[in-house]
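The structure appears below as structure tokens.
The values are calculated or read from the model by the stated rules, or taken from the named source; none is laboratory data. Only a predicted model underlies this, so the values are computations on that prediction, with no experimental measurement involved. Here the Cβ positions follow ideal geometry from the backbone for every residue, glycine too, while neighbour counts run over all protein chains shown. Remember, those area values only see protein heavy atoms, side chains included, never the ligands or the DNA or RNA. Shrake-Rupley method; radii C 1.70, N 1.55, O 1.52, S 1.80 Å.
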Amino acid sequence: MPTPAEVLTTINRTDSAAPRVTCYDDLPGPTAGERVELSGRVLGTWVSKAANALQEEWDLEPGSVVHLALRPHWRLLYWAWAAWSVGAVVDLDDGAGADLVVTDDPERLPDDGPAVLVTRAALARRTDHDLPDGVMDEAADLSTFGDLFSPWAEPQDDDVALRLAGEETGYGELVDVARAGATSPPASRVQLVDPSAEALLRTALAVWADGGSLVVHLGQTDEATLDRRARTEGVTA
């Protein structure tokens, strides 16, 4: 069965210029009104940079645990795929025993231990917060890592890929489990409205594995706006 990293490789081999995620931010705050679209190639670059950071900065490998304390967002997607690219466990629970915490909320940074603070704004160049030692400013530092990634070790099928709600899913079944919960046909342009982090990750796994793409709306949006965007974006499911 394909791993998440293999899914990304496959969609880029098929059509790396096609949009794979289009994200509208309708949440109140500094990023309200943003529309960000990533092709498979650009998404792959973000994943490679983050995966290189995980591997080179923190020596993460199969069995390491990355706690993603991130709200649903396009940045959540590439950090999850980066963790899966090094064979790590993506933890969406409480992060107990995590080797690294990645968050967009300064209040959720650990008291000690390595962490990454993610700034959601698309053009951010540095965070506005003072960071303690051991915390990477993603906006300032991630761009310094390479655009190509080669893992030091590959995960086995029975290695844990996702930890959620007290349950663990292995690499060998992660994509199939996501596909089993999907209802859209292959190569669909799928619309998600205000998804949870779990729903965003599972839908991306299923849709990208079948050659499709996502249109994601963060926050509640009125039906007229959703209908207009759906027509503009070519939504099919």
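For a quick check of understanding: with a 1.4 angstrom probe and all protein chains in place, what accessible area in square angstrom does residue 8 have, to the nearest ten?
20 Å²
Hey, got a sec? Which trypsin sites (Lys or Arg not before Pro) in region 117-165 land in a DSSP loop and have at most 13 other Cβ atoms within 10 Å?
Of the trypsin sites (Lys or Arg not before Pro), the ones in loops of region 117-165 whose Cβ has at most 13 other Cβ atoms within 10 Å are 125, 126.
Given the -39500 (n - 2.57) contribution per DSSP H run of 4+ residues, what per-residue ellipticity at 222 nm results for the chain, rounded to the nearest 500 deg cm²/dmol?
-10500 deg cm²/dmol
Separation between the residue 1 and residue 124 pseudo-spin-labels, each 7 Å from Cα along Cα→Cβ, expressed in nm?
According to this spin-label approximation, the distance is 3.4 nm.
Which percent of the accessible heavy-atom area of the chain goes to carbon and sulfur, probe 1.4 angstrom?
47 percent
How do the peptides 83-89, 66-72, 186-192, 140-146 rank, highest first, by the average count of neighbouring beta carbon atoms within 10 Å per residue?
Per-residue mean Cβ counts within 10 Å order the peptides as 83-89, 66-72, 186-192, 140-146.
By DSSP, what percent of the beta bridges with both residues in the chain are antiparallel, rounded to the nearest 5?
Here the antiparallel bridges make up roughly 25 percent for the chain.
Short version: ³J(HN,Hα) in whole Hz for each residue of region 65-79, in order, from phi by Karplus 6.51 cos²θ - 1.76 cosθ + 1.60 (θ = phi - 60°), x for Gly and Pro, what are they?
My calculation for region 65-79 gives 10, 10, 8, 9, 9, 10, 6, x, 5, 5, 5, 4, 4, 6, 6 Hz in order.
I need the shape label for region 188-236. Rule: rounded when a/c is under 1.5, else prolate if a/b > b/c, else oblate, with a, b, c from the alpha carbon gyration tensor.
Cα axes put region 188-236 in the oblate bin.
Averaged per residue, what accessible surface does region 91-159 expose to a 1.4 Å probe, in Å²?
Here the residues of region 91-159 average 62 Å² of exposed surface.
Pairs of Cα atoms under 8 Å, at least six residues apart: use those to get the relative contact order of the chain, whole percent.
Rounded, it is 23 percent for the chain.
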